[in-house]
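For reference, the structure is listed below as C-alpha cells.
Each reported figure results from applying straightforward, stated rules to the coordinates on display, with no laboratory input. Keep in mind it's a predicted model, so treat the numbers as computed, not measured. As a convention, Cβ positions derive from the backbone with ideal geometry for all residues, glycine included, and neighbour counts pool all protein chains shown.
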Amino acid sequence: MIGTRRSSLGQTNCHDGPCHYVTVTDSATATFRRPLTVLIGVFGLIVCMTPVAFGVPGLQVLYLVPLGVAIWLVRTRTVVGPDTMVVHRVVGSRRVIWSDLQGLRIDNRSRVWAVLHGGEEVRLPAVRARDLPLVAAVSRGRLPDPLTATGEQRAPEVSED
C-alpha cells in the first residue's frame, strides 16, 4: 500500500508517511483506488484453496470468493474532478456534483463520507482523511483545505531544479 502522490506539476505531495495509490492526471482529476498489487494476494488465495475446492465435488463454488474480492478491488474507486466526484462501486456508480455537497464526514477509522444537502451520506471508497488536502485542491476551492482551516502549517513544496 505504499505509493506516492504526484501533483500535475510532477511534485510529490505525500509528506505524512506512506500513502495509498492515487493518480492525478493533467486534467485536474484525482483517482483514489486500492493498489492492484493486492491481486497477488487474491491469486495466493486461489492457489491455497485449490486442494480444498477439488477435495469434495461441488466445492469449486469456493472460487467465487476470490473472484468477488478481485472484482471489488478493480471496480471500487473515487474519481474527484473540478466539477464532480464520481463514486464507483461494484455495481453501478454515483456522480455527486459539488453544489449538492453539504460537507464531508470522517468516521473514527478515517473513512470519508460525502454528506449531501438532503442528509444522505455517500461513502467515498479509498479516500482517507489524509487525502483531504488533495481533494480540496482538485475541487478548486469548493472544499476548504483542512490544513489551512485548522491553522496547521503545510510542509514546504519540493522544487525539482
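Show me 68-80, 90-102, 114-126 ranked by packing, highest mean number of other Cβ atoms within 10 Å first.
My ranking of the peptides, most packed first, is 68-80, 114-126, 90-102.
Among Met85, Met49, which comes first, then next, by fewest other beta-carbon atoms within 10 Å?
Met49, Met85
Based only on other Cβ atoms within 10 Å, what is the fewest-to-most ordering of Asp107, Asp145, Asp131?
Asp107, Asp145, Asp131
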